[in-house]
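Some notes on the structure that comes next.
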Amino acid sequence: YILPFLEDKEEWTRYCAAEALRKIGTLEGKQAFKKFTNSEIPRLVQQLKNEEHSPRGEAARYLAHLAPETLPIMDNLIYTLKNDFYWLARSQSAKALGELGLEAEKSIPSLVIALSDRQKYVREEAIGALNKIGTPKALAALKDFHKN
């Protein structure tokens, strides 16, 4: 029942369907998720480089739904988190890194910097990402952040 939604005209519907297929975990769902991400991730990475801020934010938001297939583009997410001037792109990049869990350990220093971001949504997503990564280093950073 979910597979047809991968072809929906609404982008948000397609990404929600992909995430649902990943979470359900059937063989057919995993195969459809993999096929979907293979076509969408390269397009979204290009969209992260768009001159307009709105497409960058949306790309980062959608990438958060495609973990763990986003592992190969972790450096793009880290770059966006550290350098994008648009708060939505930064916050959703942090969220996408958190969705990678332990695999995103190398993003911890960038997430720690994001704890001091001027936008509260970026800070909130950085906190969530560090919690999801959950390594002693990530949790120690959160503990230090809450002390200050």
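Some notes on this structure:
- Helices (runs of 4 or more DSSP H) lying entirely in the range 58-148 (those with 1 or more residues that are under 14 Å from the mean Cα position of the chain (by Cα)): 74-83, 87-99, 108-114, 120-133
- First in the range 64-92 and closer than 17 Å to residue 103 by Cα and surrounded by fewer than 17 Cβ atoms within 10 Å (Cβ to Cβ), second anywhere and at pLDDT 95 or above and β-branched (Val, Ile, Thr), Cβ under 9 Å, 6 or more apart: 72/41
- Checked against (1) open to solvent by 100 Å² or more (accessible area, probe 1.4 Å); (2) at pLDDT 95 or above, residue 12 meets all criteria but (2).
The values are calculated or read from the model by the stated rules, or taken from the named source; none is laboratory data. It should be emphasised that the depicted structure is a prediction, and the values quoted were computed from it without experimental measurement. FYI the Cβ positions are ideal-geometry reconstructions off the backbone, even for glycines, and counts take in every protein chain you see. Side chains included, ligands, DNA and RNA excluded: accessible areas come from the protein's heavy atoms. Shrake-Rupley method; radii C 1.70, N 1.55, O 1.52, S 1.80 Å.
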